[in-house]
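Worksheet: the structure to be examined is printed underneath.
Each value in this text was obtained by applying a stated rule to the coordinates, not by laboratory testing. Since we're looking at a predicted model, the values are computed, not measured. So basically every Cβ, Gly included, is an ideal-geometry build from the backbone, and we count neighbours across all protein chains shown.
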Amino acid sequence: MSEDDKKMTSCRPYLLRAIYEWIVDNDMTPFVLVDANADSVNVPTDHVSNGKIILNISPSAVKALDIANDQICFNARFSGKPMTVTAPMHAALAIYAKENGRGMVFTDDDNPPEPTKNVQRQPQLRVVK
């Protein structure tokens, strides 16, 4: 396998951590949009809308936030009830600041399209009268 053929890990957790830190450093509130229908997602179902949930992951709203390479996990209260929230990294659809909407939307970077090969085509000449 050549160096070009090696599969890289997802950049999503690295970008999510960086954007989270940037938002918090600017004294804003980080929200993460999660696909609530993805496998292994544990979120409060009462707050799910159209299969998605927006979670406030600011330091004042959650405890024990862990943005790992494979999942997001934290403890929070929803309607006064404590809950451990978990979502696999592929379920994180976006992270943005509540106050101004600046952040990042994630695409399916785990399955990038196959690179196209540079195929040279034969020149086609025709007589123009």
Practice task
Mind giving me the FRET efficiency for ALA61 and ASP27? R0 is 22 Å, r the Cβ-Cβ distance, nearest 0.05 is fine.
Solution key: 0.95
Problem - Rounded FRET efficiency, nearest 0.05, which uses the C-beta distance separating LYS6 from SER49 and R0 of 35 Å - result: 0.35
Problem - Violating pairs (Cα-Cα greater than 26 angstrom) within the set LYS63/LYS98; LYS6/LYS63; LYS7/LYS98 - result: LYS6/LYS63; LYS7/LYS98
Problem - Global form of the range 1-63, assessed from the alpha-carbon gyration tensor, a/c cut-off 1.5 - result: oblate
Fill in the blank from the handout: Mean projected area (nm²) from the convex hull of Cα positions in the range 47-111 is 5.3 nm²
Handout entry: Percent antiparallel among DSSP beta bridges (both partners in the range 9-105, rounded to 5)
Key = 100 percent
Handout entry: Net charge of Cβ neighbours under 13 Å - reference ASN56; Lys, Arg +1; Asp, Glu -1
Key = +2
Completion exercise
Of 91-103, 43-55, ordering from highest average Cβ density within 10 Å down gives 91-103, 43-55
